[in-house]
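Here the structure is laid out as structure tokens; the discussion comes afterwards.
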Amino acid sequence: MTFAKSYEPGEFESEIYAAWEAAGVFKPSVSRVPTDDDGNGRDDREVLEKVSSRDGVAPARRHGRSAPHTSVVTSGSPRVTPFSSSSTFSIVMPPPNANGNLHIGHGLTVALEDSLTRYYRLRGLSSWYIPGADHAGFETWVVYERFLEKQGHTRFEFSRDELYARVWDFVAEQRGNMELQLRALGASCAWDDLTFTLDENVIDRVYSTFEKMWKDGMIYRGEKLVNFCPKHQTAFADIEVEHKDEKGTLWDIAYKIDGSSKKIIVSTTRPETLFGDAAVAVNPNGERYTDLIGKFVCLPLTDKKIPIIADEHADPAYGTGAVKITPAHDFDDFEVGERHNLPRLQVISESGKMINVPADYEGLSTEECRKKVLKDLKNQNLLRGEKKIVHSVAHCYKCGTTLEPMLKEQWFVDVEKLAAVAIKHLEAGEIKFYPENKCKVLINYLKGLKDWNISRQIPWGIAIPMFKKVDDAATDEPDWIFDRRTNLREIEKGGVRYVRDEDTFDTWFSSSHWPIVCTDWTEENFNPYYPLNVMETGADILFAWVARMIMMGLYVTGEVPFREVYLHGLVLDAHGQKMSKSKGNVINPMELVTRFGSDAFRLGILRGRSAGMNQAFSEDSVIAGRNLCNKLWNISRFVQGIVGEGSEPNTSFASSRRPVVTGGASSFAAAHANAYESSDSELYTTNAMGEDWICREINECLEQVERDMAEYRFAEAVETLYATIWDKYADWFLESQKLFKNVPLLKKTLETLIIALHPFAPFVTEAIWQNLSWTEGFVAAAKWPARLDFDPISAENFENIRTIVSEVRGTLQSLPGSNNAKKYGLLYDNDSLVKDNQMLIKALAKVPTINALDGAPRGLRLALANHELYLDVPEKVVSEYKEALTERILAVGRELDGLNARMMNPNYVAKAPEHLVKETKGAITEKEALIERLKQQLKLV
RNA sequence: GGGGAUUUAGCUCAGCUGGCUAGAGCGUACGAUUCACAUUCGUAAGGUCACAGGUUCAAGCCCUGUAAUCCCCACCA
């Protein structure tokens, strides 16, 4: 293969992914159940664990051979890895809707999760990224119902089982799309282990949990008010309800007091529910109505009599201080009703029509009824006032319909114990959160958690395994029994017939088992992948999902389901606005992948992002990512070109290590040449011409990336790699290598950078790896690079050369005229570094000549404290530069003043750490010298 | 009412345990150009770290208060 002039992602991506998959690169190496392949009667995983614990992670890189000299910098700081005690890394994918396309949030999720997975795979852990697909109960149901409507059908033409079968086929037809998109994003997941939320093992596990809870008395059937969508004909959990502020009216209605001519005025926003009133409440502490407590009022428009009760719920300061209580149609009133044992009369049906009301009103919609009630009250002079107010109203998060509080028999989970256990473990710090504060937020939520309604009246979901007795004869039997045979509508047990509850589980009830079912956790066997190392998901479903996984994990397995939680925020558009179809600012991740490549998308979306924050995203960052891919491609093309040349006769260490240096430079280089054996036994040498320096920089980069990844600082890791590859490797090291070609080192350093970037940009790094002549296997299965050995003094020398070169370039730019770099040579005096590295400096600074100063100083002296260097410019130009020089002297003077002021402060000298004081002293000496030289220069001018 | 965040360059964001002249990408300006890459190279400009106090030898960072923006939960007869 050859390197094209630029990287074209489209030519490689699908092929590369297919090759990875075929080679089984994404499969974890450690099995999830105990194995005993070697027949020694012990679980082989223990052995593996010991082997891999020193693998890649340990700083011991040199194999048996002693260092060339003692000053070699090795990385002394301990590796930061959250999983150092384990040989496995496991993470589950929050299952995308099996029926849908991936959106930008999925793009971010995959970029984050896959980077982690690939990183830990390279680090030598048996990594398992488990993919999933969600039946997305309600979401998919809404889509399917719309589809039915389009075909002129309604759900009521079919039985529950028929509907289930139809949706199954509908989803099966659509499925696969999202899986292809995950592949296009480079998700390195174990496809064989894909879990669908309606898989048999999921349903089994959910039933087992439900049964356990049933036996533990945590499941109860309750007639409670639930938020009910009249359009979708289903109830919701509290968390699914969307509250919106709306304008409404507060009406004052007079209720006549029984046996008196007096009336009591109540305020309500829902006059139509008055038929369901069970009482009028007044505050027990208010003095206004004390004498009325215990009396009865006559409900208007009907002849019913209801009591006046005392309850805290009535706020004496609000409205008239008296409130009508409708237990069947208001959440607060329901609670009041419970306290006072009031009857619950349902007056609105599930389809939103009036029932159990006088004939005139029967069958009206709530809205029609409201109008009629108001009209009739007005006619009887019972309507005493109205006021416009703003109050929040519950809406269906899918269709926007106003939700109706509805009295329904539903299955509830008593969450008290679940929440208490979860809080205990959270407070013990067993799960680390990124961002940290979410732990507190979660605990706060759990403390106020109410019982969980798990019944949904939609067919597309897991059937609730509860059956109701139909035979009245056998009165001793319980009304409800648990049974797993939900494929049957009716079962018989002990001669008694039972019929299945038609409802299905709330999606979150099954989803809360996700870490358990995906890892195949069982009661019997130790599973090295449970708990998960990390749960990565959106911060918006902290309560809905993360909280429930924690409660369920603890309930089922006794352990927290994951050790760490990383929550990402929303991806906003370029202007920080929420993406929405109506605004038309939705970014489609797949389109970006097609246009710029998968890697570009991943690098782009990780940039400028930190845990838990809603942050902007735009094409610009993807373009920056694309450019980096192309840069790395061309770097590799360049290196391969050099390796190709050099490899023909002999690539051994001796022959390639001849710097092409003229003048006196080679002596310095030779004196500072160091030979090293890298960890894979390939020899390389280094010299002062940027070679030791690049090793140092790469080591620092690795160090930084490892630290960042341990703390989920993806954006920082990417930025570090970007700067190292581009600003350091390409701009300085490769430029230097155009003069001094060190083939083994070029190979070694390039490999290192390619592997380090691989977690974030898997495709381009693999494309390069496959294109290079000397690499083997897949970079996706490579080993995380060890630190490079180098000579720190030599590295620091190159740092000085960079300073000199930068100063030359800057000064040349600021001189009047154009093309200065071509016009003026560089003169040095008494400077061995420059003398020994003339060729390099000349090439990097792009000056025409470098010569020793002959005779008196001339030209323009460079503002470097420790080097005596002159740009050989004519007097005229120097004098034009005078102003800039004066400005420079003033600037340095200001810095010097600041430093001096600090040293004059006795408290600073006494209290600041010694090394800082020493540094300050050093800086003062340097600045003073610099100022002195600049002043001399000015005098010359 | 309860809880959680944000405010740093024109834009989007870093800035870790308080420590040298507060950084990056994009954008802008100026310059370069056969020899890996115009998806390029070089140089530069651009900051009252929201505001006001305080602690400290030293504050973008810690403390107190203020303002603006945003999110979540609960309630709203």
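Kindly rank A:854-861, A:513-520 from highest to lowest mean number of other beta carbons found within 10 Å of each residue.
Top of the packing list down: A:513-520, A:854-861.
Helix A:714-723: angle to the longest alpha-carbon principal axis of chain A, degrees 0 to 90, nearest 10?
20
Classify region A:740-837 from the C-alpha gyration tensor, please: rounded if a/c falls under 1.5, else prolate or oblate depending on whether a/b exceeds b/c.
Prolate is the answer for region A:740-837, as a/c is 1.5 or above and a/b outweighs b/c.
With +1 on each Lys and Arg Cβ and -1 on each Asp and Glu Cβ, how big is the dipole of region A:184-270 about its Cα centre, in debye rounded to the nearest 20?
920
Taking the alpha-carbon distance from A:Lys921 and a cut-off under 16 Å, which aspartates and glutamates remain once sequence neighbours fewer than 8 residues away in the same chain are dropped?
Those aspartates and glutamates meeting the cut-off are A:Glu895, A:Asp897.
Just the number: Rg to Rh for region A:227-311, Cα atoms, Kirkwood Rh, two decimals.
For region A:227-311, the value is 1.08.
Please arrange A:Thr302, A:Thr557, A:Thr197 by counting, for each residue, the other beta carbons lying within 10 Å of its beta carbon, fewest first.
A:Thr302, A:Thr557, A:Thr197
Just want the answer: with Cβ charges of +1 for Lys and Arg and -1 for Asp and Glu, which residue in A:Ile841, A:Gly855, A:Tyr881 is farthest toward the dipole's positive end in region A:837-901?
The one lying farthest along the dipole's positive direction is A:Ile841.
Based only on other Cβ atoms within 10 Å, what is the fewest-to-most ordering of A:Glu157, A:Glu15?
By the 10 Å Cβ count, ascending, the order reads A:Glu157, A:Glu15.
Which pairs break 27 Å Cα to Cα here: A:Lys371/A:Lys450; A:Lys304/A:Lys468; A:Lys835/A:Lys927; A:Lys388/A:Lys447?
A:Lys371/A:Lys450; A:Lys304/A:Lys468; A:Lys388/A:Lys447
Mind jotting down the distance between the C-alpha centroids of region A:879-941 and region A:500-547, whole Å?
62
Report, to the nearest 10°, how far helix A:9-23 tilts away from the longest principal axis of the Cα atoms in chain A, using its own Cα long axis and a range of 0 to 90°.
Relative to chain A, helix A:9-23 is tipped by roughly 70 degrees.
Give the dimensionless ratio obtained when the Cα radius of gyration of region A:887-941 is divided by 2.2 N^0.38 Å.
My calculation over the Cα atoms of region A:887-941 gives 1.31.
What do you get for Rg/Rh of chain A when both radii come from the Cα atoms and Rh is the Kirkwood radius?
For chain A, the value is 1.10.
Farthest toward the dipole's positive end in region A:682-770, which of A:Leu702, A:Trp732, A:Pro759, given Cβ charges of +1 (Lys, Arg) and -1 (Asp, Glu) about the Cα centre?
Positive-most Cα among the choices belongs to A:Trp732.
Multiplying the sequence separation of A:Glu735 and A:Asp315 by 0.36 nm and subtracting their Cα-Cα distance, what value in nm do you get?
Gain on stretching A:Glu735 to A:Asp315: 143.4 nm.
To the nearest whole percent, what portion of all C-alpha pairs in region A:128-259 is separated by more than 25 angstrom?
54
Gap in Å between the Cα centre of region A:589-627 and the Cα centre of region A:304-373?
Cα centres, region A:304-373 to region A:589-627: 53 Å.
Please get the size of the charge dipole for chain A, origin at its Cα centre, with Cβ charges of +1 on Lys and Arg and -1 on Asp and Glu, quoted in debye to the nearest 20.
Its charge dipole is roughly 2700 debye.
When the convex hull of the Cα atoms of region A:205-253 is projected onto a plane and the area is averaged over all directions, what value comes out in nm²?
Convex hull of Cα atoms, orientation-averaged projection: 6.6 nm².
Using Cα atoms only, what is the angle between the long axis of helix A:200-215 and the major principal axis of chain A, expressed in degrees (0 to 90) to the nearest 10?
Orientation of helix A:200-215: about 50 degrees from the principal axis.
Could you check what % of the DSSP bridge pairs in chain A are antiparallel, to the nearest 5?
Taking every DSSP beta bridge with both residues in chain A, the antiparallel ones total about 70 percent.
Give me P(r) over region A:781-900, computed from all C-alpha to C-alpha distances, binned every 10 Å, as integer percentages.
Distribution as computed: 12, 38, 29, 13, 6, 2, 0 percent.
Using the Kirkwood radius over Cα pairs, work out the Stokes-Einstein diffusion coefficient for region A:306-403 at 4 °C and 1.567 mPa s, in µm²/s as a whole number.
82
If you put +1 on each Lys and Arg Cβ and -1 on each Asp and Glu Cβ, how big is the dipole of region A:843-906 around its Cα centre, in Debye rounded to 20?
120
Viscosity 1.002 mPa s, temperature 20 °C: give me the Stokes-Einstein translational D for region A:440-484 in µm²/s, with Rh taken as the Kirkwood radius over C-alpha pairs.
152
Expressed as a whole number of Å, what is the distance separating the alpha-carbon centroids of region A:707-784 and region A:223-252?
If you average the Cα positions of each part, the centres end up 55 Å apart.
Among DSSP bridges having both ends in region A:270-397, what percentage is antiparallel? Round to the nearest 5.
Approximately 75 percent, going by the DSSP bridge assignments.
Between A:Arg484 and A:Lys150, what is 0.36 nm times their sequence separation minus the Cα-Cα distance? Round to one decimal in nm.
Separation in residues times 0.36 nm, less the Cα-Cα distance, equals 116.7 nm.
Over all directions, what mean area does the Cα convex hull of region A:785-828 project, stated in square nanometres?
Orientation-averaged projected area of the Cα hull: 5.0 nm².
No lab work stands behind these numbers, since they all come straight from the coordinates. Keep in mind that what you see is a predicted model, and the values were worked out from it rather than measured. Note that each Cβ is placed from the backbone with ideal geometry, even for glycine, and that neighbours are counted across all protein chains shown.
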